[in-house]
1. Do you know which of the residues in segment 161-179 that are of a type in the set (A, V, I, L, M, F, W, C) and under 14 Å from the mean Cα position of the chain (by Cα) is nearest to Leu19 (Cα to Cα)?
2. Looking for something modelled with pLDDT of 95 or more and either among the charged types (D, E, K, R) or under 22 Å from Arg148 (Cβ atoms) (or both) - is there at least one such residue anywhere in segment 73-80?
3. What are the pairs with Cβ atoms under 9 angstrom where one residue, in segment 62-85, is closer than 13 Å to Val37 by Cα and the other, located anywhere, is polar (S, T, N, Q) and surrounded by 20 or more Cβ atoms within 10 Å (Cβ to Cβ)? Sequence gap at least six, or different chains.
4. In segment 43-57, which residues are among the aliphatic types (A, V, I, L, M) and either touching a residue at least 60 places away in the same chain (Cβ under 8 Å) or surrounded by 19 or more Cβ atoms within 10 Å (Cβ to Cβ) (or both)?
5. Quick test for you: out of Ala99, Ala118, Ala138, Ala127, pick the one residue that is crowded, with 19+ Cβ neighbours inside 10 Å, among the small types (Gly, Ala, Ser) and modelled with pLDDT of 95 or more.
6. Quick one: in segment 58-80, of everything that is charged (D, E, K, R) and under 18 Å from the mean Cα position of the chain (by Cα), which residue is surrounded by the fewest Cβ atoms within 10 Å (Cβ to Cβ)?
7. Is there any pair linking a residue in segment 162-187 that is at pLDDT below 95 and buried (at least 16 other Cβ atoms within 10 Å of the Cβ) to one that is assigned to a strand (DSSP E or B) and aliphatic (A, V, I, L, M), with Cβ under 7 Å and at least six apart or on different chains, and which?
8. Could you list, in sequence order, the residues of segment 3-38 that are of a type in the set (A, V, I, L, M, F, W, C), in a strand (DSSP E or B) and within 19 Å of Val63 (Cα to Cα)?
Amino acid sequence: MPVDLYPAIDLLGGRVVRLRTGDYDDQTVYGDDPVAVARQFVAAGARWIHVVDLDAAKSGDPVNRPVVATIARAVHGSAKVQTGGGVRTLDDALELAEAGVARVVMGSAAVSDPSLVAQVAQHIPVAVGLDHREGELAVHGWTEGSGRFLDDSYELFPTASAFVVTDIARDGMLSGPDLVGLARSVELAPAPVIASGGVASLADVVALAQIPGLGGIITGKALYEGHLDIAEALRALA
């Protein structure tokens, strides 16, 4: 099965940004028109768009939800939208499903209450976001440790349709992905693992694709900085 590519759009105040290692005080703005960015990704061949509401991830206030809905409408029929950030209740997930999102990503809420994933999964596919620093899962926009650990968490989510595994120390750093850790995650997880954090080049995409059973690759900063071309990456993955 080919590995899916998920070009990422991170929203903060309606703008397209990237944070370094999840630090809200260390951000780069890449544009004011997220919908145009999504359309560019689809024009290059992307079949998934990964959207993160950074405002909602931190505060719980889904201020960017109308933008997410507009992106979903703009790419409908060409690509699917997977979105996370502030998806903390069944109502949040239902709103996003109504907006045309194909899959929600639940992080903090899932870690706090794994049973919530089973509830939401009855209505829309759920990817569980497991964001970690040296193995400890972080919550609330990566601002707090949870006391739970990555390797012990997969069994808590039997209804997850995927797991988005992010090594926070690598996120937005273009430092390369954690190939060893991700290979272990693929072995442990009961659903496909989507790798997130550190992808810097086509070589990283190719290296990740060598992990047997990996489900997908999220990339953001490498695209915006011109280190990676979507069409080229998709050709390599095919």
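1. Keep residues of segment 161-179 that are of a type in the set (A, V, I, L, M, F, W, C), which gives 162-165, 168-169, 173-174, 179.
Those left that are additionally under 14 Å from the mean Cα position of the chain (by Cα): 162-165, 168.
Numbers: Ala162: 24, Phe163: 21, Val164: 17, Val165: 17, Ile168: 10 Å.
Looking at the filtered set, the residue picked out is Ile168.
2. Yes - at least one qualifying residue is present in segment 73-80.
3. What qualifies is Val68/Thr83; Ile71/Thr83; Ala72/Thr83.
4. Pass one, segment 43-57, residues among the aliphatic types (A, V, I, L, M): 43-44, 46, 49, 51-52, 54, 56-57.
Answer for segment 43-57, where residues must be among the aliphatic types (A, V, I, L, M) and either touching a residue at least 60 places away in the same chain (Cβ under 8 Å) or surrounded by 19 or more Cβ atoms within 10 Å (Cβ to Cβ) (or both): Ala44, Ala46, Ile49, Val51, Val52, Leu54, Ala56, Ala57.
5. Details: Ala99 fails: crowded, with 19+ Cβ neighbours inside 10 Å; Ala118 fails: crowded, with 19+ Cβ neighbours inside 10 Å; Ala138 fails: modelled with pLDDT of 95 or more.
None of the other options fit; the residue is Ala127.
6. At the first step, the residues of segment 58-80 found to be charged (D, E, K, R) are 58, 61, 65, 73, 80.
Now drop any that are not under 18 Å from the mean Cα position of the chain (by Cα), which leaves 58, 65, 80.
On the way: Lys58: 17, Arg65: 21, Lys80: 20.
Checking each candidate, the answer is Lys58.
7. Filtered contacts from segment 162-187: Ile168/Ala138; Gly172/Leu19.
8. Pass one, segment 3-38, residues of a type in the set (A, V, I, L, M, F, W, C): 3, 5, 8-9, 11-12, 16-17, 19, 29, 35-38.
Among the residues that remain, those that are also in a strand (DSSP E or B) are: 5, 8-9, 11-12, 16-17, 19, 29.
Listed by number, the residues that qualify are Ala8, Ile9, Leu11, Leu12, Val16, Val17, Leu19, Val29.
The values are calculated or read from the model by the stated rules, or taken from the named source; none is laboratory data. Being a predicted model, the structure only gives us computed values, none of them experimental. Counting neighbours? That spans all protein chains shown, and the Cβs are built from the backbone with ideal geometry, glycine included.
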